[in-house]
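A short worksheet on the structure shown next.
The values are calculated or read from the model by the stated rules, or taken from the named source; none is laboratory data. Note that this is a predicted model, so its numbers are computed, not measured. Here the Cβ positions follow ideal geometry from the backbone for every residue, glycine too, while neighbour counts run over all protein chains shown. Surface areas here come from the heavy atoms of the whole protein model, side chains and all, with no ligands, DNA or RNA. Shrake-Rupley method; radii C 1.70, N 1.55, O 1.52, S 1.80 Å.
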Amino acid sequence: MKNNFTICVILILVFAGNLFGQSVTVYGKILDAKTQEPLIGATVILEGTDRGTTTDIDGRFEIPDVKPGPYNFTASFLGYASLTKDNVIIQTVGNYDLIFELVESAQELTAVEVTASPFQNSITTPMSLQKLSPEEIKTYPGGNNDIAKVVQSLPGVSGSIGGFRNDVIIRGGAPNENVYYLDGIEIPNINHFSTQGSAGGPVGLLNVNFIEGVELTSSSFAAKYNNVLSGVLQFNQRTGNPRENQTNVRVSASETALTTEGPLFKKNQSEAKTTYLVSARRSYLQLLFELIQLPIRPDYWDYQYKINHKINDRNTIYFTGIGSIDQFSVKAPKSFNIDQQSTLEQVPIIEQWTTTAGVGWKNRMKDGKGVMDASLSLNILNNNFARYANNETREGLLFKNLSRETENRLRYSITRFINKWSLTFGGNIIRSAYDNKTEDFVFSNTYSTDLQMVQYGLFTQASKSLLNGKLDFSFGLRADDNSFTTGDNLLQTLSPRTAISWAVDPLGRWRVNATLGRYFKIPPYTILGYQNNTNGFVNKGSKYIASNHAVLGIERKIGKLAKISVESFYKYYENYPISIADKVSLANKGGDFSVLGNEAVSDDGKGRSYGLEMLFQQKLAKRFYGILAITLFKSEFSDQGNVYKPSVWDSGSLITFTGGYKAPRNWEFNLRYRFAGRTPFAPLDEFTTTNTYPILVFDYRNLGSDRLQPFNQMDIRIDKKWNFKRLAFNLYFEFQNALMQTTPSPPSYGLQRDDLGNVITPNKLITIPQSSGALLPIIGLAFDF
């Protein structure tokens, strides 16, 4: 009898859908995308229903009595292009305000009806710009709520093959060629256990519950962004709930996260002027790995916060920050296993913490004449990276890098709107400090460094829509310099960029886009601060790395909710650092757990990456959505002999499909498929490694002589949501590597041992057999209350 009752309860929960749910009110705001002025009397509707409303004097709207479920919302206003937000999940608890930013239409009003679309064109960046919504990030199969993994579904973007890392590789460029911004404040990296000098790591540290949207730009970078060669990832955070407190708890296979938000000092107002949004996350991977007898113990914490205060109708300040605490240790398994033993010996011991804290000020000028943005921020990366002859007891030190990077950043920009022109001017100053104590007992180099420097840059951008909206034009210029290096000045880093977009047909369904640009990046602090045994800055003369872009593309909007685009791109690099010891471009290093750039380099390297990207994107329509991205490309960099060799990211082809179906009763089914061609790798220098083991030395002279097998993986995710009066509950199952494919990776090596695990002398390396692929089932829970 008891079992029958339990079964009935389970069946009710599975099939009830919103039986216990209730209708809710949806809140939001509609603004002018350029001036940020509220649009009074704008209309917003729920597509497929007769529900809708108009905005008040502050641009706000409320739609009451909305039942939980997935919706497409469309906002429109006379003289503006309508905008659709698709796949918005409404729950009884845990909803966010919908913010619409409408772009003023440059076309004259005619009897022709302009169809609403979720795809907005930017004059500054008319192409190579992709956007992801919060729901696309949350339900991404195999993503584990990790934004760095999710962006790999976009055209031209891939991750490290076989390394289980979050390296974001855009159009064949190295991971450290990208920059990351959180509400306009730059953050050095977005991963736990990050590779210093690069940006990759195994686990992302951004909380998806904070994110209102993600924008990825892979060319035509706005002039306000410095130090970017391949991509800009802008994470737009939402503000906390101004009306009531709410909390989200997420439990997954590897971590637990808590997010809470609400109003501060609300008093008797319907909406508070000050809101907070705070989260903390704790991993328990170390406990799981101990349970299944794996030798590694990754342990991490992270936190994120944002406090937003509206001073008045035209001025807003915000405080935001993010940080992490990472510890990576090892523990020998109870029974000997050659694969686990080699892992135990070869992995580094890492103790790392990071923090970013910033304050921003946004001002809207009177009568919509312009906007001003200013920010002041602090970044710190503290890295204790070591390798031992015995990692478990931490005895027999072989290599240690104890370093700290500190940045104080000030950024200011002002945009004026004059006669349909958008004119932006601004600059940035960075005060940097880099401390490093390196002890390398394998290659006999010990030094301490204390590098202090100031970086500064100036920029301007002008944009206008011409010929009744048929032609969009933008031109930008920036220059950068610093107080330390001797290889460049402001004139030598002058970086112009221009973008043109032509609407082929009157409705703008067909567009032809073209961009040209020259971009610069200062070498990482690990390169600039490197010293030899005589304590001299051997890389002080390094030049800024240059990347020249040329992109041509065409796009076609299909109906209301779909588009297809094709882009060809060419990138040419100059002044790329080359390792003097390994005689290879540093673009081909840093894809592992190491310290990138902690060595002497020359700056005469070159590189090139070129290819073709194709994208088809279908937003939510008739319960289906999907993204198909295909990239064909070539990526190569010169070595010390000026001979081009394929980069370690040069897979030649990338195919990604992500799609889903929103079934009735709040069921959702999502699928992701990824394919990458054969990727080159550097073989192990077995002779040298026999003497340096457990430190591995690679033979970069033969990079590209062999390639990995093609990579392909399918991940499936199933979600079921329940809505109660004061609780929204999401249960999901993931089946990662559903095809049970073996992940391609370079050969693994260890020392030859006897049956008891004792090393046989003299030392001899043996190849360790690669384990076959397996299905990885995952369960996760999310609660909003």
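Projecting the Cα positions of Gly641, Ala629, Phe616 onto the charge dipole of region 529-669 (unit charges on Cβ atoms of Lys, Arg, Asp and Glu, taken about the Cα centre) puts Phe616 furthest along the positive direction.
Evaluate the charge dipole of region 294-396 about its Cα centre and quote only its size in Debye, nearest 20, assuming +1 on the Cβ of each Lys and Arg and -1 on the Cβ of each Asp and Glu.
Using only the charged Cβ atoms, the result is roughly 660 debye.
Taking the Cα centre of the chain as reference, the dipole from Cβ charges on Lys and Arg (+1) and Asp and Glu (-1) amounts to some 1700 debye. Dipole orientation for the chain: of the candidates Phe735, Pro710, Ile211, Ile211 has the Cα lying most toward the positive pole (charges on Cβ; Lys, Arg +1; Asp, Glu -1). Distance between the pseudo-spin-label points of Trp510 and Val249 (7 Å out from Cα toward the beta carbon): 5.7 nm. What's the FRET efficiency of Asn268 with Arg60 using the Cβ-Cβ distance as r and R₀ = 22 Å, to the nearest 0.05? Efficiency for this residue pair is about 0.75.
In percent, rounded to a whole number, the relative contact order of region 619-737 is 21, using alpha-carbon pairs under 8 Å and six or more apart.
Taking only protein heavy atoms and a 1.4 Å probe, the accessible area of region 146-297 is 59% carbon and sulfur.
Contact order for region 428-547, expressed relative to its length and based on alpha carbon pairs under 8 Å spaced 6+ residues apart, stands at 22 percent. In the chain, excluding the sites themselves, the longest stretch lacking any of the GluC sites (Glu not before Pro) that are in a DSSP loop with at most 10 other Cβ atoms within 10 Å is 114-785. Pairwise inverse Cα distances across region 690-785, averaged and inverted, put the Kirkwood hydrodynamic radius at 18.1 Å.
Placing dummy labels 7 Å off each Cα toward the beta-carbon, the span from Ala600 to Val538 is 0.4 nm.
Can you tell me, using C-alpha contacts under 8 Å and at least 6 residues apart, the relative contact order of the chain as a whole percent? Relative contact order, the chain: 11 percent.
FRET efficiency for the pair Arg431 and Asn702, taken as 1/(1 + (r/R0)^6) with r the Cβ-Cβ distance and R0 = 51 Å, rounds to 0.75.
When region 375-457 is described by a simple charge dipole with +1 on each Lys and Arg Cβ and -1 on each Asp and Glu Cβ, the residue from Leu402, Trp421, Ile380 located farthest towards its positive end is Trp421. Under a model in which nothing but the beta-carbon of Lys, Arg (+1) and Asp, Glu (-1) is charged, region 592-699 shows a dipole of about 1300 debye around its Cα centre. Once both labels are positioned 7 Å from their Cα atoms along Cα-to-Cβ, the gap between Ile778 and Thr446 label points is 4.4 nm. The fraction of accessible area contributed by carbon and sulfur in region 638-742 is 59 percent, rounded to a whole number (1.4 Å probe; ligands and nucleic acids excluded).
For the listed residue pairs Lys224/Lys589; Lys331/Lys634; Lys369/Lys571, the alpha carbons are over 30 angstrom apart in Lys331/Lys634; Lys369/Lys571. Extension gain, Thr49 to Thr498, is 157.4 nm, computed as 0.36 nm per intervening residue step minus the present C-alpha separation. Sparsely packed loop sites in region 156-199 (the chymotrypsin sites (Phe, Trp or Tyr not before Pro) outside DSSP H, G, I, E and B with at most 14 other Cβ atoms within 10 Å) comprise Phe164. Taking every protein chain into account, the accessible area of region 617-766 amounts to 46 square angstrom per residue (probe 1.4 Å).
Taking the helices alone, the chain has a mean residue ellipticity at 222 nm of -1500 deg cm²/dmol, built from -39,500 (n - 2.57) per DSSP H run of at least 4 residues and averaged over all its residues. When the convex hull of its Cα atoms is viewed from all sides, region 217-272 shows a mean projected area of 7.2 nm². A Förster radius of 51 Å, combined with the Cβ-Cβ distance separating Lys334 from Lys366, puts the computed FRET efficiency at roughly 0.10. The Cα-based radius of gyration of the chain, divided by its Kirkwood radius, gives an Rg/Rh of 0.96.
If you take the alpha carbon atoms of region 311-388 and fit the smallest convex hull around them, that volume is 136 Å³ per residue.
DSSP loop (so not H, G, I, E, B), at most 16 other Cβ within 10 Å: list which chymotrypsin sites (Phe, Trp or Tyr not before Pro) in region 313-354 pass both filters.
Qualifying residues, ordered by number: Phe336.
Once the trypsin sites (Lys or Arg not before Pro) in DSSP loops with at most 10 neighbouring Cβ atoms within 10 Å are cut out of the chain, the longest remaining piece is 335-621.
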